[in-house]
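Worksheet: one structure, shown below.
The values are calculated or read from the model by the stated rules, or taken from the named source; none is laboratory data. Quick caveat: nothing in here was measured; it's all calculated off a predicted structure. In this analysis, Cβ positions are derived from the backbone assuming ideal geometry, glycine residues included, and neighbour counts consider all displayed protein chains.
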């Protein structure tokens, strides 16, 4: 069977988790769910033993990679791939694909991100194993999350006919990708029972990825091809920097997946998945363990308080408040209603507009 590699994209800024997530210490480095493991460390370790450390690659910017290497010392240093600048997911996937292809032209590549929460790890590994075996036949496999509500924060995947069932895992033809919908459209999607949330997780042969780039994003393919030709040479870093500076910013969905017509499948999964996109998502996960109020840090005294999440290193007491987000760092205190968790990104944008980058 073809060799199998995992590529973890670890460049997420996590602006909706500000002020915990900062430019100098973004979301993947943070211990948001466990005291002793960051989101990145959890993402790496749940791949064991399906992938050995030498088969796990990580793509991120140079500054972030310094910290990621410290957090995952088992991974070989050469498995950390530097992005000279953030260009969204398509170039990151392309960079991973040329490195995997360089190691083994017939390898299968599983694309993941460093900021997903997955409750059922055993089921996740089982799905990845079955998907990799299918991808080795030349197929593109994407994992669709069974939706729990009509979310407007995710893209959707429409599935077609049921093609096969392997070890209880159903595979459907991939009908289309749909962009983030409005509320009414999202409700319509759920009513059909034929849509999943787009998880951004893909399993495909590296050579198939490059073939899709060549067909649907020729300009990007040419730059990736020039970078690929320099792998293992003294010119690699200079070629990477030069070609990357000319690479457009685009997601892998827009660049490739919306154009794929054949040999593409979707596996709907229910594995307790969350992308930890904001404090509301964090509250949903941690409240299952802690109860109605969630506190990370010293135990607070909460009187007549419900539905509140606190991240702080100091003692906090509240009286008569509900559904709050309270985040206390060395230099910033954030207080927000949980209903406005998505709007925290606007604070980050306003700070940047005001020249207050020192808070970012």
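Couple of notes before you dig in:
- Some residue of region 327-349 being in a loop (DSSP other than H, G, I, E, B), touching a strand residue (DSSP E or B) at 6+ places or on another chain (Cβ under 9 Å) and farther than 20 Å from residue 289 by Cβ: yes
- Number of residues in region 168-206 that are within 19 Å of residue 89 (Cβ to Cβ) and touching a helix residue (DSSP H, G or I) at 6+ places or on another chain (Cβ under 8 Å): the value is 9.
- Screening region 83-107 for residues that are surrounded by 23 or more Cβ atoms within 10 Å (Cβ to Cβ) and out of contact with any helix residue (DSSP H, G or I) (no Cβ under 6 Å at 6 or more places or on another chain) and picking the one that is nearest to residue 56 (Cα to Cα) gives 96.
- Members of region 263-305 found to be closer than 30 Å to residue 133 by Cβ and not in a loop (DSSP other than H, G, I, E, B), listed by number: 264, 265, 266, 267, 268, 269, 273, 274
- Subset of region 115-143 [assigned to a helix (DSSP H, G or I) and either over 24 Å from residue 28 (Cβ atoms) or not assigned by TED's automatic domain parsing to the domain that holds residue 262 (or both)]: 126, 129, 130, 133, 134, 135
- Criterion applied to 266, 294 was being assigned by TED's automatic domain parsing to the domain that holds residue 13 and under 30 Å from residue 120 (Cβ atoms), and the one residue passing it is 266.
- Residue satisfying all of: in region 108-126; modelled with pLDDT of 95 or more and crowded, with 22+ Cβ neighbours inside 10 Å; nearest to residue 285 (Cα to Cα) among these: 124
- Selected residue [buried (at least 20 other Cβ atoms within 10 Å of the Cβ), assigned by TED's automatic domain parsing to the domain that holds residue 87 and modelled with pLDDT of 90 or more] from 210, 310: 210
- The criterion of at least 2 residues that are within 21 Å of residue 205 (Cα to Cα) and within 15 Å of the chain's Cα centre (by Cα) is met, among helices (runs of 4 or more DSSP H) falling completely within region 1-114, by 89-103.
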